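The values are calculated or read from the model by the stated rules, or taken from the named source; none is laboratory data. Note that the structure is a prediction, hence the values are computed from the model and not measured. Virtual Cβ from ideal backbone geometry, glycine too; neighbours counted across all protein chains shown. Just the protein is used for accessible areas: all its heavy atoms, side chains included, with ligands, DNA and RNA removed. Shrake-Rupley method; radii C 1.70, N 1.55, O 1.52, S 1.80 Å.
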Amino acid sequence: MNTGKTIFAQLMDFLPAKAFRRCVERYQGDYKRQSFSCWDQYLCLAFAQLTYRESLRDIEACLRAQQTKLYHLGIRGPISRNTLANANAVRDWRIYADFAQVLIDRARVLYQQDSFGLTLKETVYALDATTIDLCLALFPWAQFRQHKGAVKLHTLLDLRGNIPTVVIITDGKVHEVNILDQLAFEAGAFYVMDRAYLNFKRLYQLQLASAFFITRAKRNSQFQRLYSQPVDRTTGVICDQVVTLKSHYPAQHYPEKLRRIRYTDPQSKQKLVFLTNNFSLPPLVVAQLYRCRWQVELFFKWIKQNLRIKKFYGTSENALKTQIWIAISIYVLVAIVKKEFGLDASLYRILQILSVTVFEKTPLVEGLSLTNYSFPLGPDCKQLILFE
């Protein structure tokens, strides 16, 4: 590794430059641009994500303070708040969405052998959405309620490595179940969802695609029990039944058999009813797979706390989607670096280290490996360990 490069430049070396240029050419992002290219825009917003910048003025001030180092960061164009704001507003957000997908495909290959707590050969996805609140006066296009704006981040998360494989950004009015119409289902894979996605007409499309779903039944759902299978009640499984839909229209939308499992959580004592079209997994494994769905909730919590996706650098729809997609690409990039170097540190710890060392000229692997920093507090005091 070239020790003359800054840590930020070394981190950006993990980005496939050719793939980025193809994404730019696909949407003519640099058409008639003499300065401040899409690559400059990406690097500025990547810097903002890594160092937790609050605004465009903040980005401008910090980068101009390091003017002599910008060339070594890879930024060639002049840094101006107005230039960056214009780029966010007019340059197609799909450039950064497609580029993030390139990184996602690379990360999935790296994490495909990882375990998520269960020994299954099949791919397991968790599907859910989170709402990002917006000021309706500043974001009038993001109508959610009468006096409230919001966008929804619909995410399909690969549980091996917690890599977001599909991200769809919509306004707050779009219901979660509609996203099933936009997904291409993978044969043999498991899709774990909550009750918001319980729509039998759409779930039947998973059945036709030879994919499996695990979700929870609603209280008003009516079923006809065909037969029951023996269960071990000491595991928390109450019953394991094969059923069909009893109501007229749901039965027309899903004419096949379903498996219904009643389960009592041993910790919360909550009684849950699961529906799935897989008849081979043990009932306890079905319950454990649904519990793994919580990983997507933790993913949403993590990115909201550690990436800049709650406060935005622009108010247009294009600027918002650009910022979110670049944030996702940074999340995946850090996951790639963690895997490539075989680091034991968490993504949170790696981001914390990067946030204060982007201008250091230390080999990247050495900088990220030094997760324990200490200094003496005095002869009678123990050392204080940071980043613990």
How about the range 60-151: which trypsin sites (Lys or Arg not before Pro) there are in a DSSP loop, with at most 10 other Cβ atoms within 10 Å of their Cβ? Lys121
Peptides 198-207, 41-50 ordered by average Cβ neighbours within 10 Å, highest first: 41-50, 198-207
With Cα extents along the principal axes in Å defined as stated, name the option among (1) 67, 52, 43; (2) 86, 43, 34; (3) 74, 59, 40 computed from the structure displayed. (3)
Say each of Asp171 and Arg233 gets a label point 7 Å from the Cα, pointing the same way as Cα to Cβ; how far apart are those two points in nm? 5.3
Quickly work out the His248-to-Gln305 label distance, labels modelled 7 Å from Cα along the C-beta direction, and quote it in nm with one decimal. 5.1
Two-site FRET efficiency, Leu226 against Ala184, from Cβ-Cβ distance with R₀ of 25 Å, rounded to 0.05: 0.20
Alpha-carbon gyration tensor eigenvalues x 5, square-rooted, for the range 135-230, Å: 31, 18, 11
Quick one: grab the alpha carbon gyration tensor of the range 163-202, order the square roots of its eigenvalues as a ≥ b ≥ c, and give me rounded if a/c is under 1.5, else prolate or oblate depending on whether a/b is larger than b/c. oblate
How much area per residue is accessible in the range 15-82 when the probe is 1.4 Å and only protein heavy atoms are counted (Å²)? 55
Go ahead and collect, in residue order, the members of the range 9-27 whose backbone nitrogen is under 18 Å from a label point 7 Å along the Cα-Cβ direction of Arg76. 9-10, 12-26
In whole percent, how big is the carbon plus sulfur part of the accessible area of the chain, probe 1.4 Å, protein atoms only? 49
Given only helices, namely DSSP H runs of n ≥ 4 each adding -39500 (n - 2.57), what is the per-residue ellipticity at 222 nm of the chain, to the nearest 500 deg cm²/dmol? -12000 deg cm²/dmol
Most fluctuating residue given options Asn318, Asn178, Asn220, as computed from a GNM of the chain linking Cα atoms under 10 Å: Asn220
Quick one: in the range 94-181, what % of C-alpha pairs are over 14 Å apart? 69
